[in-house]
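Chemist: Sharing a structure with you now.
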């Protein structure tokens, strides 16, 4: 893994060049409008750069499921679930914030990604942000 931050880079956080498989979902207006797979390019404590199967639109909410390189108890595969907002997109490359994250176990047998499943983590998170913004008077969702 490579740690990099060039001299002309204004970012305050160091990015780690780590390439892991991901699955992503993009929500706009509380509705999932895109889903697919790709891989991470680099990560830091504040965000993730990743590739996507299609061009994505900045401003939407995103959920990333990152295959984690470390096994739980040396036997159980893990995935890192990241919830954030898409900041920039350039073709098949996207950058998102890390606003919330959690680790989950994943099955040992490889499965095809199922995007229509009943997992509503992304929608619940978007709804909680909307409620919080309505209390504070912020219009940004």
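Chemist: Go through region 12-34 and count every residue that is over 23 Å from residue 123 (Cα atoms) and assigned to a strand (DSSP E or B).
Modeler: Of the residues in region 12-34, the ones over 23 Å from residue 123 (Cα atoms) are 12-20.
This time we only want the ones that are assigned to a strand (DSSP E or B), so: 15-17.
Of the residues in region 12-34, 3 are over 23 Å from residue 123 (Cα atoms) and assigned to a strand (DSSP E or B).
Chemist: Here's something else I'd like to know. Going by the structure shown, is residue 7 touching a helix residue (DSSP H, G or I) at 6+ places or on another chain (Cβ under 8 Å) and at pLDDT below 90?
Modeler: no
The values are calculated or read from the model by the stated rules, or taken from the named source; none is laboratory data. Because the structure is a prediction, the values reported are computed rather than measured. Don't worry about glycine lacking a Cβ; one is built from the backbone with ideal geometry, like all the others, and counts go over all protein chains shown.
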